[in-house]
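The values are calculated or read from the model by the stated rules, or taken from the named source; none is laboratory data. Please read these numbers as outputs of a predicted model, since none were measured by experiment. We place every Cβ from the backbone using ideal geometry, glycine too, and count neighbours over all the protein chains shown. These accessible areas exclude ligands, DNA and RNA; they are computed on the full protein's heavy atoms, side chains included. Shrake-Rupley method; radii C 1.70, N 1.55, O 1.52, S 1.80 Å.
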Amino acid sequence: MTYHSTEPVPRPKNTAADVKTFVAAVLLTFGVGLLGMVGWAVLSSGFGGFLGLVAGVFGVVWWRKIHGKAFPKVLPTKSVVILAVVNAVLALILLLTAG
């Protein structure tokens, strides 16, 4: 006789991986918005904002191609750090063009 349990299989707790995935999700979302604003600031038009958002979508597609999913459960720390540096550079470009 086979017994099938209806209880879910417990997932091992790995808080560090969950935090890295959350930070990557925030940084990807923030980065796409920054690209839209940088495009708007550089070209001084809505078309520049549109081009920035299109570049952001291509960036997310590229990220997904590299990692297999947009928000994988296991994410290298190097990828999160690079994403944070790219966001910092975009924010600096935005601040310099706005001033």
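At a glance:
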{"item": "Restricting segment 62-91 to residues that are aliphatic (A, V, I, L, M), over 13 Å from G31 (Cβ atoms) and out of contact with any Ser or Thr (no Cβ under 8 Å at 6 or more places or on another chain), the residue that is most open to solvent (accessible area, probe 1.4 Å)", "result": "V74"}
{"item": "Subset of segment 66-99 (residues that are hydrophobic (A, V, I, L, M, F, W, C), at pLDDT below 90 and farther than 16 Å from G36 by Cβ)", "result": "A70, F71, V74, L75"}
{"item": "Criterion violated by A98 - all others in (1) over 12 Å from the mean Cα position of the chain (by Cα); (2) surrounded by 11 or more Cβ atoms within 10 Å (Cβ to Cβ) satisfied", "result": "(2)"}
{"item": "From the options T29, T97, residue that is within 29 Å of T15 (Cα to Cα) and either assigned to a helix (DSSP H, G or I) or not hydrophobic (A, V, I, L, M, F, W, C) (or both)", "result": "T29"}
{"item": "Filtered residue count, segment 67-99, keeping only those that are of a type in the set (S, T, N, Q) and under 10 Å from K20 (Cα atoms)", "result": "2"}
{"item": "Odd one out for V38 among (1) surrounded by 14 or more Cβ atoms within 10 Å (Cβ to Cβ); (2) more than 25 Å from T15 (Cα to Cα); (3) without any contact (Cβ under 8 Å) to a residue 12 or more places away in the chain", "result": "(3)"}
